[in-house]
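Chemist: Structure provided below as structure tokens; questions to follow.
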């Protein structure tokens, strides 16, 4: 049920790019804004981090799709690591839905709520992934 080393590298690389670009956006958006004549100006890296984040999200979703047959369904049939696995799937669904809503469906009133929800879950994702990996390794022994 463990991923091949190549599959793991691709998945972790896509995850790191996605997390890194989201973290860069947070940094640009909230910590590195510059004062302007009429208020704070956006950092020039902000739109670029969003472009990278959108592309990384597509790559990540492809990689997530490759896990369905080779990892998720197999683990479910074996009855192993179900709680952390379902938690991971729920996190991925929430991130996908909030990301979609931010890009396509978020009105101006709900956008700030969706944004905080999206990046709040995204910031927690590495810890959740590490937890899932550690629980899985423990259950395979």
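Chemist: Quick one: plug the Kirkwood hydrodynamic radius of region 1-69 (C-alpha pairs) into Stokes-Einstein at 20 °C, 1.002 mPa s, and report D in µm²/s.
Modeler: Once the numbers are plugged in, D ends up at 159 µm²/s.
Chemist: What number, in percent, do you get for the relative contact order of region 80-141 if the mean sequence gap of Cα pairs under 8 Å and at least 6 apart is divided by its residue count?
Modeler: RCO, region 80-141: 53 percent.
Chemist: If one puts a single equal scatterer on every Cα of region 80-141 and applies the Debye formula without solvent, what log₁₀ I(q)/I(0) results at q = 0.14, 0.28 Å⁻¹?
Modeler: Taken in order of the listed q values, log10 I(q)/I(0) reads -0.47, -1.08.
Chemist: Based on DSSP H runs of at least 4 residues, each adding -39500 (n - 2.57), what is the mean residue ellipticity at 222 nm of the chain after dividing by all its residues, to the nearest 500 deg cm²/dmol?
Modeler: Mean residue ellipticity, 222 nm, calculated: -25500 deg cm²/dmol.
Chemist: With the Cα gyration tensor of the chain in hand, convert its eigenvalues to equivalent ellipsoid semi-axes via √(5λ) and list them largest first in whole Å. Mind dumping the intermediate values first?
Modeler: Details: eigenvalues 218, 46, 34 Å².
Equivalent ellipsoid semi-axes, largest first: 33, 15, 13 Å.
Here, each number is a calculation from the coordinates, and none is a lab measurement. Keep in mind that this is a model prediction, so the values were computed, not measured.
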